[in-house]
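**Student:** Got a structure for you, questions after.
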Ligand code: B12
Ligand code: SF4
């Protein structure tokens, strides 16, 4: 059937022409389409061929992340020829919700330039991103406007801090699946301004379309994201996930996930796939049905993918689930540990981490052949003087090499932020990340008045960083992890096309060592030891060494910034400065 879409200025009778115009893949759910929204356009059919006239050219842009952040491990990416760790899953999910007769291009500013020609081509620019993209995001809105093109924005930071994005022509706040149809309708009616707000946590993710993986240049990234669920059942006070995605985890269907993986497979992708769930085990009942199917799917295709994800530490309570994840080729899990202090865990409402031996839980996960990376936070109200050393001991006991140790950062919209605001402790501009600040919670954290003296917190924090990222300590944890990481009955070779294969070559290892003169000796010792005692774990140990190419210099940079903040505080205390400008905030008083 040949269908041609034409624009008519006049009001047309309200016929149901949605199926002609919005031929999406898969189709936009019926609830997204209202004939009311389609006035001004009509589908004309003739002949036998299918032809869609392009009615809108959309340029999707993913802003640059700030350079000085923990997760910006571009050095490790370069080692295997990639440019950035992760692809913009939010944008390609939204792309899949747009009508098929809209032409879509994607520019990820972390991997490629945005040119004038790109902007000239576009009728509309859609930008999405998170907090650590804010400076470039806001710059881009102006930049696109200077080219005379309208901008539609969305994504987590827009949803958390819409006031910072008021310069955009359209704002889509919250999960886009339902409200995007309102934006599309408004655009097609000729409206050029609007704010569309999703009802919170109501999106049925089983209706979320297959992300447009075809828009991604796979070789630019270390891994590709797939999302199984949104939301987390826990209540951690500092967490924005439960505010953005809710406390009732919503999962996709098993068929939906396998179809997404199949699409990646069919498009030739091989290698690391990250389940970007807020808490992969949030809905254990459903997950238990997915994992065996995932295993069968992998087996049938000779293991094209290896998986990682994020989960709460209570995953260690469930041997069956760990076994099922092992069988489904999971190799790494990010766990939020946050603090060694039980009282602090209770105060932050992370009760699931209390009343358990965390180190034992982590060691158990290693026994299933999955290494753990973890988050730790310094700066809570209930912390004691001895906190720094306690955290160091705790990290050493767990043998976790990659520890994201940050300062507590009040994220917009969280319970913590609301409490701090009520207590009058939240800094002005706490959610504003200025261009020149360009960091993450490691340098910008404690964007509020702390209970413990800030200087003590910073000194503790610095001590933790100095120890944890000391090459000897890092290599020691690598060696001890290797002893515990049971990869004995796992598949050992990577599929053809997996860029991580480049890391396994001896040249790859030499490049890591050459880049890290200070770490060379302890890393070689660890490498040789693991090669002898647990060669099956070697690939992961090398991977974690590669991450140190970023984490080593990054931690030094953070330590330098913390020193600077401490010096500023000392200066203020000596009375020579009445007002101290802290990195990360507009203005804060000492
Ligand atoms: C995977 C992930 C990462 C990955 C990779 C992300 C990437 N692409 O590079 C890594 C681990 C690198 C990462 C790091 C960080 N992350 Co992160 N991350 C996530 C996570 C878990 C999933 C992201 C995802 O793919 N979601 C799936 C898509 C489908 O969801 P979505 O992006 O929300 O998109 C939907 C809507 O937002 C909307 N939408 C999205 N974009 C657009 C655009 C337009 C135009 C429109 C109309 C709509 C729209 O439509 C989509 C469908 O509903 C989210 C939490 C979450 N559930 O999303 C946190 C999250 C985005 N991260 C967050 C943060 C804070 C960080 C860090 C600062 C964490 C840290 N503590 O260091 C760093 C910063 C990274 C850096 N380089 O500086 C916050 C952001 C808060 C905010 N206000 O912006 C989130 C929300 C939660 C959290 N606390 O971790 N992250
Ligand atoms: S367990 Fe993680 S995702 Fe869940 S509420 Fe706590 S910090 Fe947020």
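The values are calculated or read from the model by the stated rules, or taken from the named source; none is laboratory data. Quick caveat: nothing in here was measured; it's all calculated off a predicted structure. Please note: Cβ atoms are built from the backbone with ideal geometry, for glycine as well, and neighbour counts cover all protein chains shown.
**Student:** Hey, residue 332 hits all of (1) within 27 Å of residue 386 (Cβ to Cβ); (2) within 16 Å of ligand 1 (Cβ to nearest atom) but one; which does it fall short on?
**Tutor:** With (1) within 27 Å of residue 386 (Cβ to Cβ); (2) within 16 Å of ligand 1 (Cβ to nearest atom) applied to residue 332, the lone miss is (1).
**Student:** Can you find a residue in segment 131-143 that is under 19 Å from residue 59 (Cα atoms), in contact with a strand residue (DSSP E or B) (Cβ under 6 Å, 6 or more places away or on another chain) and without any contact (Cβ under 8 Å) to a residue 60 or more places away in the chain?
**Tutor:** yes
**Student:** Spot the failing condition for residue 238; the list is (1) more than 13 Å from ligand 1 (Cβ to nearest atom); (2) under 30 Å from residue 408 (Cα atoms); (3) in contact (Cβ under 8 Å) with a residue 60 or more places away in the chain; (4) in contact with a helix residue (DSSP H, G or I) (Cβ under 6 Å, 6 or more places away or on another chain), and only one is missed.
**Tutor:** The single condition residue 238 does not satisfy is (1).
**Student:** Quick check: anything in segment 188-204 in contact with a strand residue (DSSP E or B) (Cβ under 9 Å, 6 or more places away or on another chain), under 17 Å from residue 63 (Cα atoms) and within 16 Å of ligand 2 (Cβ to nearest atom)?
**Tutor:** Scanning segment 188-204 turns up no residue that is in contact with a strand residue (DSSP E or B) (Cβ under 9 Å, 6 or more places away or on another chain), under 17 Å from residue 63 (Cα atoms) and within 16 Å of ligand 2 (Cβ to nearest atom).
Residue-by-condition table, conditions (1) within 22 Å of residue 332 (Cα to Cα); (2) touching a strand residue (DSSP E or B) at 6+ places or on another chain (Cβ under 8 Å); (3) within 14 Å of ligand 1 (Cβ to nearest atom):
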site	(1), (2), (3)
230	yes, yes, yes
234	yes, no, yes
247	no, no, yes
254	yes, no, no
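**Student:** From 181, 160, which residue is in contact (Cβ under 8 Å) with a residue 12 or more places away in the chain and within 16 Å of ligand 2 (Cβ to nearest atom)?
**Tutor:** On inspection, the qualifying residue turns out to be 160.
**Student:** If you don't mind, there's one more thing I want to ask. Which residue is nearest to the chain's Cα centre (by Cα), if the candidates are limited to segment 263-286 and must be in contact (Cβ under 8 Å) with a residue 24 or more places away in the chain and more than 16 Å from ligand 1 (Cβ to nearest atom)?
**Tutor:** Of everything passing the filter in segment 263-286, 270 is nearest to the chain's Cα centre (by Cα).
**Student:** Can you report the number of residues in segment 371-384 which are touching a residue at least 60 places away in the same chain (Cβ under 8 Å) and out of contact with any helix residue (DSSP H, G or I) (no Cβ under 7 Å at 6 or more places or on another chain)?
**Tutor:** So the answer is 1.
**Student:** Please state which one of 153, 144 is in contact with a helix residue (DSSP H, G or I) (Cβ under 9 Å, 6 or more places away or on another chain), near ligand 1 (Cβ under 8 Å from one of its atoms), outside any loop (DSSP other than H, G, I, E, B) and at pLDDT 95 or above.
**Tutor:** 153
**Student:** Further question: Out of everything in segment 67-90 that is more than 17 Å from residue 113 (Cβ to Cβ) and within 6 Å of ligand 1 (Cβ to nearest atom), what residue ends up being surrounded by the fewest Cβ atoms within 10 Å (Cβ to Cβ)?
**Tutor:** Checked segment 67-90; the qualifying residue surrounded by the fewest Cβ atoms within 10 Å (Cβ to Cβ) is 71.
**Student:** Same structure again: Yes or no: segment 169-176 includes at least one residue that is in a loop (DSSP other than H, G, I, E, B), under 19 Å from the mean Cα position of the chain (by Cα) and within 11 Å of ligand 1 (Cβ to nearest atom).
**Tutor:** Yes, that holds for at least one residue.
**Student:** For segment 245-266, what are the residues that are within 12 Å of ligand 2 (Cβ to nearest atom) and buried (at least 22 other Cβ atoms within 10 Å of the Cβ)?
**Tutor:** Residues satisfying the conditions are 245, 249.
Let's see how each residue does on (1) at pLDDT 95 or above; (2) in contact with a helix residue (DSSP H, G or I) (Cβ under 7 Å, 6 or more places away or on another chain); (3) within 16 Å of ligand 2 (Cβ to nearest atom); (4) not in a helix (DSSP H, G or I):
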site	(1), (2), (3), (4)
61	yes, yes, no, yes
64	yes, yes, no, yes
82	yes, yes, no, yes
90	yes, no, no, no
104	yes, yes, no, yes
107	yes, yes, no, yes
114	yes, no, no, yes
136	yes, no, no, no
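**Student:** Kindly state which helices (runs of 4 or more DSSP H) lie completely within segment 361-448 and contain at least 2 residues that are away from ligand 2 (no atom under 16 Å from the Cβ) and modelled with pLDDT of 95 or more.
**Tutor:** Passing ranges, in order: 387-398, 415-422.
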